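Notes follow once the structure below has been shown.
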Amino acid sequence: MEPIPRKSELPFHSEMAPRTQAPTNRTLLRSVPADEMHDLLCVGFGPASLAIAIALHDAMDPALSRAASGSFKPKVCFLERQKQFAWHSGMLVPGSRMQISFIKDLATLRDPRSSFTFLNYLHNKNRLIHFTNLGTFLPARMEFEDYMRWCAQPFENVVSYGEEVVDVVPGSKTDGVVDYFVVRSRNAETGEISSRRARKVVVALGGKAKMPPGFPQDARIMHSSKYCTGLPNVLKNESAPYNIAVVGSGQSAAEIFHDLQRRYPNSRTTLILRDTALRPSDDSPFVNEIFNPERVEKFYQLPQEERHARIAKEKATNYSVVRLELIEEIYNTMYLQRVQNPDESTWQHRILPERKVARIEHHNPAHRMRIHVKSVNDDASDGKEVLEVDALMVATGYQRDAHEQLLEQVCGLRPVGQTAWAPGRDYRVELDGGKVSAGAGIWLQGCNEKTHGLSDSLLSILAVRGGEIVDSVFGDELAGKTVQDTRLRAML
């Protein structure tokens, strides 16, 4: 449940995933019984919440923070739907690399002294000098996922895995105002509903797979997020002459299209994209500065109309674009086919630009699906080309609105007349002070692109943002101020 890096998303073979060891230090966060009042509860334990856990740990570490007195030990809990920590396990494509520097890990940009940096991970794994010899800032995606699992392991005492949060509801009132929230979750194995109370709640659900409207429910039609984990269960014979189609024009679609040719060497593959061509992402130095943490403040201060215009202008850095080296590899494959045969319609691997799926006829599992493809500029035709496929991979991105349903029962706590959640610069949503205590609050993570910019759902700012969240949630307590001091300040 966590955000994804620059439009990137377990390998096919589990032996590719290295075993992890815990960092040398143990977390300073303490677990408490579920029936106790929590100071903080985070919904989801993906990279965003993990960065918060690390930042809180570091803020409590006297070796790193002058404000750490050792007396403040908040009661915290993280609820995660998955059975263990995993980051985009369905898109750990063999050979794929990160699209951001390892320096943008979960700690370095906030405090390079932290023991949770990628460099310390390499040192702990006895691979630091070997990684240096690679001469790159871009680790394998598989390695970076292992780094995050290594970071997550010390926090297992405060994480409840296999718990899917179903809703957040207002708690009982003190002096006429809501003083805490009740977070209800369903156990993935037993179905049992549990309730936990928390004064402060961070919602970090990550993206939800987005499927085009009209696509039928079929096990052979799956989102790109299930590529490595789901497709091998559908297409079990790697040497079989399958027909496989991919829909999409971004990094995930290109990676899948390219990897299918290696994974199923006898298959026929087709890439269907609305654009005229695969386009390269712009990650040049000056442009890449839009993902600098300090840019969030500048973006947040812009008028709403200018924010919309800025996102539209800068989308080529992240949406429906592909890294240039992958484009070149794919083009080389297509060119070699052209050398052997000029008739594109007979090629084993094809790209159909300016096309869209008009409709899909899905039969019983013994038959191939029929995909009707037509030009994006032709609304009259039902589909001039028909593909018969064994599987269809859909790489059409993610929706980031799952918090809406989760927080439906606390909508009444928003200020009068407010019809949408309004996150502040510190990601704390605005609530009616006459209905909610100053000591209670809700924070949103990974769904604030409209207010905080393109980097909101990416890894680039997680380290710094984790520190900002900790400061917003626990700043006074970490500074040694009492809850009474906080309430008094809120009244002035």
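The values are calculated or read from the model by the stated rules, or taken from the named source; none is laboratory data. All values derive from a computational prediction rather than experimental measurement. Every residue, glycine among them, receives a Cβ derived from its backbone with ideal geometry; neighbour counts consider all protein chains shown.
Put simply, of 24, 20 the only residue that is modelled with pLDDT under 95, part of a loop (DSSP other than H, G, I, E, B) and surrounded by 15 or more Cβ atoms within 10 Å (Cβ to Cβ) is 20. If you go through the range 296-309 and pick out every residue that is of a type in the set (D, E, K, R) and touching a helix residue (DSSP H, G or I) at 6+ places or on another chain (Cβ under 7 Å), you end up with 1.
Is it true that residue 226 is surrounded by 12 or more Cβ atoms within 10 Å (Cβ to Cβ), at pLDDT below 95 and within 25 Å of the chain's Cα centre (by Cα)? When the stated conditions are applied, residue 226 does not pass them. Checking 126, 133 one by one, the residue that is on the phi > 0 side of the Ramachandran plot and surrounded by fewer than 19 Cβ atoms within 10 Å (Cβ to Cβ) is 126 and no other.
Among the residues examined, residue 302 does not qualify as more than 30 Å from residue 425 (Cα to Cα) and of a type in the set (A, V, I, L, M, F, W, C).
Per the listing 60, 91, 98, the residue uniquely within 18 Å of residue 468 (Cβ to Cβ) and at pLDDT below 95 is 60.
Determine if the range 248-266 includes at least one residue that is outside the structural domain of residue 137 (by TED's automatic domain parsing), surrounded by fewer than 22 Cβ atoms within 10 Å (Cβ to Cβ) and among the aliphatic types (A, V, I, L, M). Looking for residues that are outside the structural domain of residue 137 (by TED's automatic domain parsing), surrounded by fewer than 22 Cβ atoms within 10 Å (Cβ to Cβ) and among the aliphatic types (A, V, I, L, M), one finds none in the range 248-266, hence no. Scan the range 376-384 and give yes if some residue there is among the polar types (S, T, N, Q) and in the same structural domain as residue 251 (by TED's automatic domain parsing), otherwise no. Among the residues of the range 376-384, at least one is among the polar types (S, T, N, Q) and in the same structural domain as residue 251 (by TED's automatic domain parsing), which makes the answer yes. Scanning the range 185-209 for residues that are assigned to a loop (DSSP other than H, G, I, E, B) and surrounded by 17 or more Cβ atoms within 10 Å (Cβ to Cβ) returns 204, 205, 206, 207. Residue count for the range 168-208 under the criterion of being on the phi > 0 side of the Ramachandran plot and either of a type in the set (Asp, Glu) or at pLDDT below 95 (or both): the result is 3.
Look at (1) at pLDDT below 95; (2) more than 26 Å from residue 425 (Cα to Cα) and you find that residue 317 fails only one, number (2). Residue 152 fulfils the conditions (1) surrounded by 14 or more Cβ atoms within 10 Å (Cβ to Cβ); (2) closer than 21 Å to residue 53 by Cα; (3) in contact with a Lys or Arg (Cβ under 9 Å, 6 or more places away or on another chain) except for a single criterion, (3). Restricting attention to the range 456-475, the residues that are under 18 Å from residue 103 (Cβ atoms) and either among the β-branched types (Val, Ile, Thr) or surrounded by 24 or more Cβ atoms within 10 Å (Cβ to Cβ) (or both) add up to 9. Taken over the range 263-275, the criterion of being part of a loop (DSSP other than H, G, I, E, B) and aliphatic (A, V, I, L, M) is satisfied by 273 alone.
Selection over the range 276-314 of residues that are surrounded by 13 or more Cβ atoms within 10 Å (Cβ to Cβ) and assigned to a helix (DSSP H, G or I) gives a count of 12. Does residue 437 count as among the hydroxyl-bearing types (Ser, Thr, Tyr) and outside the structural domain of residue 81 (by TED's automatic domain parsing)? So residue 437 fails the test.
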